Amino acid sequence: MTTFSTSIKSKMPASTVTKGKALVADDKRSNRMILSAILKQIGYEVIQAENGVEAVELFQTEKPDIILIDIIMPVMDGYNAVKQIKSDPANSFTPVLFLTGMTDEQDLAKCIEVGGDDFLTKPFNRTLLTAKIHALERISILHKQVNVLYARTQQDQEMAKEVFAGAVITDNVALNAIQTLSQPAELFSGDVLLSAYSPSGDLNVMMGDFTGHGLAAALGAMPASEVFRAMTSKGYSTQQILAGINSKLLNILPTSMFLAIQFITLSKYLDYVSVCNCGMPDILFLGTDDHIIKHRAPSSEIPLGISTDIDFNECVKLVKIDLGDTILLASDGVTEALNNNKEPFTNKRLESAISERQAGKSTIDSISNALQVFCGGASQADDISLAEIPCTPEVLQAIKCDTTDNQYETKSVTDFNCSSNINRVDFNISLYGRRLSDTDPIPILINHIHEIEGLAEHRRLLFTILTELYTNSLDNGVLGLHSDIKNEMDGFSNYFTAREKRLEQLTDGYVTIAISSCTTPNGGEMIITVKDSGSGFNYSDYKCDKSDYSKLSGRGIQLLTGLCSSITYIEPGNHVEAIYSWCDS
Amino acid sequence: MNVKVIESEDGSEVTIQVSGRFDFSCYQQFVDGYQDYLKGEKRFVVDLNETEYMDSSAMGMLLRLRDHSARDGGDVALINANESVLEILKIANFNRLFAIAGMD
């Protein structure tokens, strides 16, 4: 490396190279002469000062590489001169050697105290002086190397920070509604917070904490966020996304690196959350007004990127929430933050900061204040990250589900033209028996639609429509579940428990989804037909009553009616035909 | 931080003692403690009796040791961990990957 070439030079014959400038400060001319002679012989260009003031001035104008200075001089003594030189902010490191006739221990100790690097008592020995100068040169070179390395690291981190902000953070959603606190221990945080909407309108939020912190830790954030966003946008489930991130990280990260995560999927109905915690502190669910922790989701698995042996179906839990609840995600840098006495902040302090939150203030503000008071400026060892997600409509993406507000022109069934076969395409998928419990047909269909018709901007709506239709057929038809269960106390969890159990025991039954699509001169239309093996259901019960959106069941059908041009149930209710139409803009 | 390595008399087991803070500053010493043994040959025991604190980079080192241990990786026991170290291991569910004394 060219930067360190000085170390090579110092080994070469003295007279052939310049080592730089040496400043000699002594009020006696004879001393300056002798010192200059020695220094020139070693390879220095020498400048001379007769007192402390001159020494300081020459230091500032000439920027010497080494300083040899006497203590007792007129105008300003050596102590004061060195104090000024060493406190000069422009001085990165210039070694100072005191040369003195004084032998009192206190006086010599003071040389080091004021900032000198070494001292030599007069009358000095030429060999000893040369040796000391060499030692100081070594320290000086080390200083330069450290400075170069430090500057390079800083530069790398700055660059990585920019790339990170561009590639990982920019695409986050719901930024106005989710309040966050991020205090990296270094320039660059090993913690990462990601948020994205699924095509159905659910919100996925992941707080991740990589091994260690700084640049190395943030390396893994890129692939993790890529998988998170790609799979979320294709509509994969919480479990599938986590498994995807896990296997990606396992493939590319070294053994000693892993990612602890808190993951939540907030349903668009704001009624339940799928949570998963792998190696992070508890995810906290807070009530609306009383600041009480209603529920905790503790870590139930090993962090991601270590092993494929994780059953994500086991570790993703469903938690029922109420409108206005808050979900708090936090990295372990919060509870492990140390004060000046090396005591940790602890869970207890975190929770009392939550309960002592003042009205009108956010939970994060309250925790942030408590942390600040507690740490009292102690240096921070780990990244601190917090995110507060309110379970309110503000975090959701506005979905247009009112027919009067539908931006896509609707047409009546009779206008439908697909039978003409001019440019029609049909495809379908049928799942039987056990396949119904382990294959999710929706991402497959969405990919097909995307490849055949494009329709990127319709992806989210089509996803919602297909999911609602499929879930209705599977739950109400094949599994025979009545969504009325959801209206009861604990309805949601009972419903999902029953659903899981029946899915597990499923050995027969089927669902077929058929799509027939064609383009028209100014847009296109798609018939989605879903049939199941069930006995049908009383669809007329759900048809009306649009006003009661708060009802816990039947919202799927309301939503479908809003999104499609038409929804037709065919007797006995195990066969439905939905028409979705679009206009080219 | 200090790392001590002791081999059992029959040579099948290697005990690594870590004292003080078990963090990135131990990296070289810790790796030196096991990499002279052939991969997949030894059973390892990490004695945490003198370990005051452990951070995630220490957990990374344990995972590397696990890769290096006998029985296709996974023959590592962690013993004598204090309460705060146990808590950290518990949150990470490391009992799934290591035999940890004091945890089921």
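The numbers here are math on the coordinates, done by the rules we state, and not lab data. Worth saying up front: this structure is predicted, and the values here are computed from it rather than measured. Backbone-built Cβ (ideal geometry, glycine too); neighbour counts: all protein chains shown.
Quick notes on this one:
- Simple Cβ-charge dipole of the protein assembly as shown, Lys/Arg +1 and Asp/Glu -1, about Cα centre, in debye nearest 20: 1580 debye
- Average beta carbon contacts from partner chains per residue of A:254-260, 10 Å cutoff: 6
- Taken residue by residue and averaged, Cβ atoms of other chains lying within 10 Å of the Cβ of B:89-101 number 4.
- Among the listed pairs A:K83/A:K342; A:K86/A:K122; A:K248/B:K42; A:K28/A:K144; A:K40/A:K110, a Cα-Cα separation exceeding 25 Å is found for A:K83/A:K342; A:K248/B:K42; A:K28/A:K144; A:K40/A:K110.
- Most tightly packed first, judged by the mean number of other beta-carbon atoms within 10 Å of their residues, the peptides A:262-269, A:374-381 read A:262-269, A:374-381.
- 13 Å cut-off, amide nitrogen to a point 7 angstrom out along B:N82 Cα→Cβ, residues in region B:28-69: B:48-55
- Across the protein assembly as shown, the convex hull enclosing all Cα atoms gives 248 Å³ per residue.
- The mean count of C-beta atoms from other chains within 10 Å of the C-beta of residues in B:53-62, rounded to a whole number, is 6.
- Average silhouette area of region A:171-395, convex hull of alpha-carbon atoms, in square nanometres: 11.5 nm²
- Each Lys or Arg adds one and each Asp or Glu takes one away; over the other residues whose Cβ falls under 14 Å from the Cβ of B:S12, this sums to -3.
- Whole-Å distance, taken between Cα centres, linking region A:125-160 and region A:280-353: 46 Å
- Efficiency of FRET between A:T439 and A:T18 - r from beta-carbon atoms, R0 51 angstrom, step 0.05: 0.10
- Look at the dipole of chain A built from charges on Cβ: of A:L35, A:G491, A:G454, the Cα furthest out on the positive end belongs to A:L35.
- Likely footprinting exposure, A:S233, B:S25, fewest C-beta neighbours within 10 Å first: B:S25, A:S233
- Separation between Cα centres of region A:366-400 and region A:560-576, rounded to whole Å: 44 Å
- Think of the protein assembly as shown as a dipole: +1 on every Lys or Arg Cβ, -1 on every Asp or Glu Cβ, centred on the Cα centre; then among A:L193, A:L97, A:N423, A:L97 lies furthest on the positive end.
- Listed by chain and number, the aspartates and glutamates whose alpha-carbon sits under 20 Å from that of A:K161, ignoring those within fewer than 8 places in the same chain, are A:D171, A:E186, A:D191, A:D209, A:E226, A:D382, A:D383.
- Loop-resident chymotrypsin sites (Phe, Trp or Tyr not before Pro) (DSSP state other than H, G, I, E or B) in region A:74-157 with no more than 11 further Cβ atoms inside 10 Å of their Cβ are absent.
- In plain terms, the C-alpha convex hull of region A:282-384 casts an average shadow of 8.0 nm² when viewed from every direction.
- Rg over Rh for region A:443-485 works out to 1.14, both radii taken from alpha-carbon positions and Rh defined as the Kirkwood radius.
- Its Kirkwood hydrodynamic radius, worked out from the mean inverse distance over all distinct Cα pairs, puts region A:7-165 at 16.7 Å.
- Neighbour counts of other Cβ atoms within 10 Å put B:R96, A:R349 in the fewest-to-most order B:R96, A:R349.
- For chain B, the Kirkwood estimate of the hydrodynamic radius, built from every pair of different alpha carbons, is 13.4 Å.
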